[in-house]
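Peer 1: Below is a structure I'd like to ask you about.
Read-outs: derived from the displayed coordinates by stated rules, not from any lab. This structure is a prediction, so every number in the text was calculated from the model and none was measured. Neighbour counts run over all protein chains shown; Cβ positions are idealised from the backbone, glycine included.
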Amino acid sequence: MVDVGAKPVTDRTATAKGCVVLLPTTVEMIKNNLMKKGDVLTVAQIAGIQAAKKTSELIPLCHPLMINQVNVQLTIDNDLPGVQIQASVRISGKTGVEMEALTAVSIAALTVYDMVKAVEKTARIENIRLVEKHGGLSGDVINE
């Protein structure tokens, strides 16, 4: 791991996005809460929050962080069609939270996939990316 001991504590945030592309019929099933495993959007939201908190257990060289806030939003997108996912993570710490935001989106997307795979074999997880980060010595990054 990188030694962050000499770095100052600063407020840091990161936001990531991704999506799960689905058939329109699957989207309708999610909207109407017809999946056998339950409420897809709520379960995936909780999975994403939990994943952000466990990032250092999943990615070997990530520092364990005391996270102040995780916000995971899943939105039905009829034009995609599918589910758009956004995760934002905030800390006051010595290292950034990009990996936590990306992990939250990834696990939320995998949870959507898991919950719909019984009714749709063509679901695709796409375009997981960091859209912005703020704080720290390297400054702000805005990718969208």
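Peer 1: With only alpha-carbon atoms counted, please give the Rg and Dmax of the stretch 10-142, in Å.
Peer 2: 15.3, 47
Peer 1: Report the net charge of residues surrounding residue 125, where surrounding means a beta-carbon distance below 15 angstrom and charges are Lys +1, Arg +1, Asp -1, Glu -1. Intermediate values should be presented prior to the final figure.
Peer 2: On the way: positive: 17, 117, 121, 124, 129; negative: 77, 114, 120, 126.
Net charge in that neighbourhood comes out at +1.
Peer 1: Rounded to whole Hz and in sequence order, give me ³J(HN,Hα) for the stretch 44-49 from the Karplus expression 6.51 cos²θ - 1.76 cosθ + 1.60, θ = phi - 60°, writing x for Gly and Pro.
Peer 2: Running phi through 6.51 cos²θ - 1.76 cosθ + 1.60 with θ = phi - 60° gives 5, 4, 5, 4, x, 4 Hz.
Peer 1: While we're looking at this one, here's another question. Would you list which aspartates and glutamates come within 18 Å of residue 54, measuring only between C-alpha atoms, while excluding same-chain residues fewer than 8 positions from it?
Peer 2: 98, 100
Peer 1: May I ask you to evaluate 6.51 cos²θ - 1.76 cosθ + 1.60, the Karplus curve with θ = phi - 60°, for each residue of the stretch 15-31 and list the ³J(HN,Hα) values in order in whole Hz, giving x for glycine and proline?
Peer 2: 10, 10, 9, x, 8, 10, 8, 9, 6, x, 5, 5, 4, 4, 5, 5, 4
Peer 1: Hey, another quick one. Can you give the longest run of the chain that contains no trypsin sites (Lys or Arg not before Pro) sitting in a DSSP loop with at most 10 other Cβ atoms inside 10 Å?
Peer 2: Values: sites that count: 36, 121.
Segment 37-120 is the longest.
Peer 1: May I pose another question? My understanding is that a pair violates if its Cα-Cα distance is over 30 Å; which of 36/133; 7/53; 31/94; 37/94; 53/117 do that in this structure? Walk me through the numbers on the way to the answer.
Peer 2: Working: 36/133 37 Å; 7/53 22 Å; 31/94 41 Å; 37/94 39 Å; 53/117 26 Å.
The pairs that break the limit, which is 30 Å between Cα atoms, are 36/133; 31/94; 37/94.
Peer 1: Something else now. Taking 8 Å as the Cα distance limit and 6 or more residues as the minimum spacing, I'd like the relative contact order of the stretch 55-114 as a percentage.
Peer 2: Working: 71 pairs, mean separation 17.4, N = 60.
In percent, rounded to a whole number, it is 29.
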